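Student: My questions all concern the structure below.
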């Protein structure tokens, strides 16, 4: 008998191969599945780690996200002239840092 407790969040592991073993799946199949599962978990972890690291400072990421929304028409430039100046300054800084090319 299996008892389960549901909780919020992600599972850190799976008991699928143990269940397969108990269900009589051949050992070589269970071992291969375990190896594939471990490889997948490692690749997934490496992918997550690569996404977490960025050479772009957080402020530049926020500025870039804002500028992308402006370009996509999801936001409009504020009517306030001081705010417009700040947006232009963001674009200049991004261009000077080499993050965007200005034609």
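The values are calculated or read from the model by the stated rules, or taken from the named source; none is laboratory data. Source: prediction; values computed, not measured. Backbone-built Cβ (ideal geometry, glycine too); neighbour counts: all protein chains shown.
Student: Keeping to the stretch 33-90, report how many residues are surrounded by 12 or more Cβ atoms within 10 Å (Cβ to Cβ) and part of a loop (DSSP other than H, G, I, E, B).
Tutor: Qualifying residue count for the region: 2.
Residue-wise test of (1) under 30 Å from residue 11 (Cβ atoms); (2) more than 21 Å from the chain's Cα centre (by Cα); (3) modelled with pLDDT under 85.
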| residue | (1), (2), (3) |
| --- | --- |
| 24 | yes, yes, no |
| 34 | yes, yes, no |
| 45 | yes, no, no |
| 54 | yes, no, yes |
| 67 | no, no, yes |
| 71 | no, yes, yes |
| 77 | no, yes, yes |
| 88 | no, yes, yes |
| 95 | no, yes, yes |
